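K.L.:
First the structure, which I've put down as structure tokens, then a few questions once you've had a look.
A short reminder: the numbers here are calculations on the coordinates, not readings from a lab. Note that the structure is a prediction, hence the values are computed from the model and not measured. Here the Cβ is made from the backbone with ideal geometry for all residues, glycine too, and neighbour counts use every protein chain on show.
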Amino acid sequence: MDIVEGDSPSGGTRPPEDAPGGLACTRQDFEGAVCLVIAGDLDLATVASFRARVRAVAGQRDTLILDLSGLRYTDSSGIHALLDAYQTWTLPGRRMVLAAVPPHIQRILTGFAADDILPRFATVETAVQATTRSRNGAPVATEANVPTRCPTTP
């Protein structure tokens, strides 16, 4: 586990239970996928460590799953780092998905329109199942982008 200490320089609003801190990235390996469990704050002070961890696992598996269940806070630099990671992983034909995105982080992703780009799953387990099934090159349908039926109007 890598831990980077640092306060958030962005001065953004954090949930009250959060204390200033750093970022922890823990690796979990699955067949065909690697999962980085991200905990703490993904902001200007910690984004370099996050990018280094993403680069360190590049090429080791076809799929990167980012478990954001422990992510307390992110700012625009953190969102930018997530989008950069997505581009880095998907350009050579690999996949990157988010899992267990907390509601307060989902609102930030939506505010930046990043939720339209980054595939998401409710849990790491569903992400592993879906990405393992799609290793044959079929598109990954995520819980967030599966079409739903619109109600009909009378």
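K.L.:
Amide H neighbours of Phe30 under 5 Å, counting only residues 5+ apart in sequence or on other chains, H built in-plane at 1.01 Å?
P.N.:
Cys35
K.L.:
Obtain the nm distance between the two label points defined at Arg51 and Arg94 by a simple spin-label model: each point lies 7 Å from its Cα along the Cα-to-C-beta direction.
P.N.:
A separation of 1.7 nm, rounded to one decimal place.
K.L.:
For Ala122, which sequence-distant residues (separation of 5 or more, or a different chain) have an amide H within less than 5 Å of its own amide H, given hydrogens modelled in the peptide plane?
P.N.:
Answer set, sorted by chain and number: Ala100, Glu143.
K.L.:
In sequence order, what are the phi-derived ³J(HN,Hα) couplings for region 35-44 according to the Karplus relation 6.51 cos²θ - 1.76 cosθ + 1.60 with θ = phi - 60°, rounded to whole Hz, with x for glycine and proline?
P.N.:
In residue order, the calculated couplings are 10, 9, 8, 9, 9, x, 10, 9, 9, 3 Hz.
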